[in-house]
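Here the structure comes first, spelled out in structure tokens, and everything after it is commentary.
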Amino acid sequence: SDVMESISIRQCTPSSPVRLCKMKWLGVIFALVARAVTEEEASLPAPDGFIHYPQTFFDRIHLAWYAPNVTEPFFGYKLDYYPKERPEEAKHTTYHRNTTNVIVDNLRGHTEYVFRLQAMRQNKTGLEGNPTEINLLTIDARPPKPKLLHVTALDTGGVEVVWEAPTKHFEGQIEGYEITLRPEGDGNSHIVRTDTTKESDIVTGLRHKTTYFATVKARSGSGTGEARDPLIVTTSGSKQ
């Protein structure tokens, strides 16, 4: 076998020292035993019926499974999970063998995760059985779109923007808004971030006699949402 060849057991000849040959034979035995144990441990079947319940919160998920069909006792389970696009952020935790459903929290909203579950013979890395896994896209935790009511050019050269807070059900808390005024044609957009939940603001520092496309997005701790279609405004001839 490759194990025997790796330790050169064929070098044991009648003229070889007895002690050396005994050591080589012991090496063969230990290697074969280690291989047999490893193969046995790796053959631990995967947990069955690995599922997730419908998600109601963006940052947590309820997972469940059935115990593997084995007669011998085993330690428990190891769960690895990570954002699919960022495997370097992988986390793992272990559970007792009597555990068959858990809640995993502190997840990112609107992110695809990979969850990999394995049974373990011992609480020790490297002794896991065959894995089973599921992919899950967490629900979008970003705030819904605010309704932009009107955008008015002021004599001072600024623009008053008025909107309505999102009315769609939202589990998180709105922390502020992001107002964007994009000039027609070339030019950089003028972005204002508010740190309050007020529903109006006056934007200054704009170019005079310029047409802008105005949008508003809501912000929360989970990110910035999307905007509705823009409203158009043209600033006055005065420049503030």
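The values are calculated or read from the model by the stated rules, or taken from the named source; none is laboratory data. Keep in mind the model is a prediction, meaning the values are calculated, not measured. Glycine also receives a Cβ, built like all others from the backbone with ideal geometry; neighbour counts cover every protein chain displayed. Accessible surface is based on the protein model in full, side chains and every heavy atom, while ligands, DNA and RNA are left aside. Shrake-Rupley method; radii C 1.70, N 1.55, O 1.52, S 1.80 Å.
Ordered by solvent-accessible area of protein heavy atoms (1.4 Å probe), largest first, the residues K198, K168 come out as K168, K198. Over all alpha-carbon pairs in the stretch 184-240, figure out the percentage whose distance exceeds 19 Å. Distances greater than 19 Å cover 36 percent of the Cα pairs.
Heavy-atom accessible surface of W163, to the nearest 10 Å², is about 0 Å², with a 1.4 Å probe and all protein chains retained. Expressed as a whole percent, the accessible area of the stretch 179-240 that falls on carbon and sulfur atoms is 42 (1.4 Å probe).
Residue separation of I134 and A64 scaled by 0.36 nm, minus their Cα-Cα distance, works out to 24.1 nm of gained length.
Rounded to 0.05, the FRET efficiency of the R86 and H150 pair, given R0 = 45 Å and the Cβ-Cβ distance, is 0.65.
Taken over the stretch 92-240, the percentage of Cα pairs per 10 Å bin, counting from 0 up to the bin with the maximum distance, is 10, 29, 20, 14, 11, 9, 5, 1.
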